[in-house]
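**Q** I'd like to ask you about the structure that follows.
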Amino acid sequence: MERRIQYKIKEIHNGKCIGMFLKEKEYSRAVIIELKKTKTGIRKNGVWAGVNETLKTGDILEICLTEEASSENIMPKECPLDILYEDEDILVLNKPYDMPIHPSVNHYDNTLANGVMYYYKEQGKPYRFRCINRLDRDTTGVTIIAKNLISASILSKRMKERGLGRTYVAFVEGITKEEGTIDLPIGREEGTIIKRKIDEKEGKRAVTHYWRLEVFYIEGKAVSMVALQLETGRTHQIRVHMTAIGHPLLGDFLYNEGNHMLTRQALHAAECTFYHPITGEYKRITAPLPKDMAMLINHLPKELNLSIKK
């Protein structure tokens, strides 16, 4: 794919060098090095320019990134994609359950990556798969895919710095408090590479905020629909934390073996908020509850209040 970006230099950037300007736009060192490799990578007023050249008010700076190679070892395979948003830099999908993000030994051609590779192959575009927020195989919802090295670099950096707001919806056993914060460290459980536990001695700090949206009953048993936001991104954080406070997720065979109301954990990435990596525009992208979760309460809920309560 080729991505061309144009900036008109304003007074605030007058006198700065191109390299400094790009760094302020969150271009990483690796991206700048890649741009320097071609004569069309960085141009000022239509002419090739080095990163040490000075910018003046009114200059037109053009960035051109061309990626001709597709991801290796990811076989394009047709599968339905629920596209929530797409532009030149990002593709946002509503991931279904029972679909891993990346291929692995047991999932060679039934992943989200396979479907995205096919999507761009049909358009005749080379593509390297870069997923920004990775969800578990059975977690549904908003999944951000970068379409080029620049957007991937910027969004990955923001993910690490908690610059992407993510709100989840889960169905849990019992009636939770109206709202709360769970601050409990999480570590790996002995004898397994998958399961996690609360580990006060060696675990890493994990913080989850939650608030109750609705209470409903299934066969006389109370179930809370809760919204959650994370300050940290530990493996299985929501599932471990909600289990720790006595409200495990429905259908979670790993942490709630006694509940089989669903065939997978009732966890959905309902919303993602962020500033666009290139335009700076604020984005709020939502995904409706999947059918299996909605069927449990026999209706699709009204517009959910997913803003964190302070």
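**Q** All but one of (1) at pLDDT 95 or above; (2) under 30 Å from Lys36 (Cα atoms) hold for Leu93; state the number of the condition that does not hold.
**A** Looking at each condition in turn, Leu93 falls short on (2).
**Q** Name the single residue that is farthest from Ile182 (Cα to Cα) among those in segment 201-219 being at pLDDT below 95 and open to solvent by 70 Å² or more (accessible area, probe 1.4 Å).
**A** Going through the qualifying residues, I end up with Glu219.
**Q** Within segment 20-52, which residues are among the hydrophobic types (A, V, I, L, M, F, W, C) and either in contact with a helix residue (DSSP H, G or I) (Cβ under 9 Å, 6 or more places away or on another chain) or under 23 Å from Lys10 (Cβ atoms) (or both)? Show your work before the answer.
**A** Going through segment 20-52, the residues among the hydrophobic types (A, V, I, L, M, F, W, C) turn out to be 20-22, 30-33, 35, 42, 47-49, 51.
Met20, Phe21, Leu22, Ala30, Val31, Ile32, Leu35, Ile42, Val47, Trp48, Ala49, Val51 - these are the residues of segment 20-52 that are among the hydrophobic types (A, V, I, L, M, F, W, C) and either in contact with a helix residue (DSSP H, G or I) (Cβ under 9 Å, 6 or more places away or on another chain) or under 23 Å from Lys10 (Cβ atoms) (or both).
**Q** Any idea which of Thr243, Thr235 is under 18 Å from Thr139 (Cβ atoms) and either surrounded by fewer than 18 Cβ atoms within 10 Å (Cβ to Cβ) or within 21 Å of the chain's Cα centre (by Cα) (or both)?
**A** Exactly one residue qualifies, and that residue is Thr235.
**Q** Which members of segment 25-60 meet the condition of being loosely packed, with under 11 Cβ neighbours inside 10 Å and more than 24 Å from Val116 (Cβ to Cβ)?
**A** We begin by selecting, within segment 25-60, every residue loosely packed, with under 11 Cβ neighbours inside 10 Å; these are 30, 37, 39, 46-47, 52.
The answer is Lys37, Lys39, Gly46, Val47, Asn52.
**Q** Of all residues in segment 246-287, how many are closer than 18 Å to Trp211 by Cβ, open to solvent by less than 10 Å² (accessible area, probe 1.4 Å) and of a type in the set (Asp, Glu)?
**A** Within segment 246-287, residues that are closer than 18 Å to Trp211 by Cβ, open to solvent by less than 10 Å² (accessible area, probe 1.4 Å) and of a type in the set (Asp, Glu) number 0.
**Q** Follow-up. Which condition number in (1) among the aromatic types (Phe, Trp, Tyr); (2) touching a strand residue (DSSP E or B) at 6+ places or on another chain (Cβ under 6 Å); (3) open to solvent by 50 Å² or more (accessible area, probe 1.4 Å) is the one that Tyr118 fails?
**A** Condition (2) is where Tyr118 drops out.
**Q** Okay, next question. May I ask you to list the residues in segment 234-263 that are under 22 Å from Leu93 (Cβ atoms) and touching a helix residue (DSSP H, G or I) at 6+ places or on another chain (Cβ under 8 Å)?
**A** Answer for segment 234-263, where residues must be under 22 Å from Leu93 (Cβ atoms) and touching a helix residue (DSSP H, G or I) at 6+ places or on another chain (Cβ under 8 Å): Leu262, Thr263.
**Q** Of the residues Thr167, Thr111, Thr181, Thr140, which single one is farther than 20 Å from Ala287 by Cβ, at pLDDT 95 or above and either open to solvent by less than 50 Å² (accessible area, probe 1.4 Å) or in contact with a His (Cβ under 7 Å, 6 or more places away or on another chain) (or both)? Show your work before the answer.
**A** Working: Thr167 fails: farther than 20 Å from Ala287 by Cβ; Thr111 fails: farther than 20 Å from Ala287 by Cβ; Thr140 fails: farther than 20 Å from Ala287 by Cβ.
None of the other options fit; the residue is Thr181.
**Q** Could you check segment 61-108 and list, in sequence order, the residues that are open to solvent by less than 60 Å² (accessible area, probe 1.4 Å), of a type in the set (S, T, N, Q) and either closer than 30 Å to Val47 by Cβ or touching a residue at least 60 places away in the same chain (Cβ under 8 Å) (or both)?
**A** Asn94
**Q** How do the pairs read when you match residues in segment 241-270 that are among the acidic types (Asp, Glu) with residues anywhere that are in a loop (DSSP other than H, G, I, E, B), using Cβ under 7 Å and keeping only pairs 6 or more apart or on different chains?
**A** Asp252/Gln265
**Q** Of the residues in segment 2-20, how many are closer than 16 Å to Cys64 by Cβ and surrounded by 13 or more Cβ atoms within 10 Å (Cβ to Cβ)?
**A** 5
**Q** Continuing with this model, one more query. All but one of (1) more than 24 Å from Thr111 (Cα to Cα); (2) buried (at least 17 other Cβ atoms within 10 Å of the Cβ) hold for Ile145; state the number of the condition that does not hold.
**A** Going through (1) more than 24 Å from Thr111 (Cα to Cα); (2) buried (at least 17 other Cβ atoms within 10 Å of the Cβ) one by one, Ile145 breaks only (1).
**Q** I've got another one for you. Which one is nearest to Asp136 (Cα to Cα), of the residues in segment 184-200 that are open to solvent by less than 50 Å² (accessible area, probe 1.4 Å) and hydrophobic (A, V, I, L, M, F, W, C)?
**A** Going through the qualifying residues, I end up with Ile186.
**Q** If you don't mind, there's one more thing I want to ask. Name every residue in segment 173-202 that is of a type outside the set (A, V, I, L, M, F, W, C), assigned to a loop (DSSP other than H, G, I, E, B) and farther than 14 Å from Thr243 by Cβ, in order of residue number. Give the derivation first.
**A** The initial filter retains those residues of segment 173-202 that are of a type outside the set (A, V, I, L, M, F, W, C), namely 173-174, 176-181, 183, 185, 187-192, 195-197, 199-202.
Then drop every residue that is not assigned to a loop (DSSP other than H, G, I, E, B), which leaves 174, 176-178, 185, 189-192, 195, 199-202.
Selection gives Lys177, Glu178, Pro185, Glu190, Gly191, Thr192, Glu200, Lys201, Glu202.
**Q** Across segment 203-221, what is the total count of residues that are in contact (Cβ under 8 Å) with a residue 24 or more places away in the chain and either outside any strand (DSSP E or B) or hydrophobic (A, V, I, L, M, F, W, C) (or both)?
**A** The total comes to 8.
**Q** Let me ask something additional. Within segment 73-108, track down each residue that is assigned to a loop (DSSP other than H, G, I, E, B) and within 23 Å of Asp252 (Cβ to Cβ).
**A** Filtering segment 73-108 for residues assigned to a loop (DSSP other than H, G, I, E, B) gives 73-82, 87-89, 96-103, 105-106, 108.
Answer for segment 73-108, where residues must be assigned to a loop (DSSP other than H, G, I, E, B) and within 23 Å of Asp252 (Cβ to Cβ): Pro96, Tyr97, Asp98, Met99, Pro100, Ile101, His102, Asn106.
**Q** Residues to consider are Lys95, Lys147; find the one that is under 27 Å from His236 (Cβ atoms) and among the basic types (Lys, Arg).
**A** Details: Lys147 fails: under 27 Å from His236 (Cβ atoms).
Answer to the check: Lys95.
The values are calculated or read from the model by the stated rules, or taken from the named source; none is laboratory data. In this text the structure is predicted, and so the values were computed from the model without any measurement. Using ideal geometry, Cβ is built from the backbone for each residue, glycine included, and neighbour counts are taken over all protein chains shown. Keep in mind that these areas ignore ligands, DNA and RNA; they rest on the heavy atoms of the full protein, side chains included. Shrake-Rupley method; radii C 1.70, N 1.55, O 1.52, S 1.80 Å.
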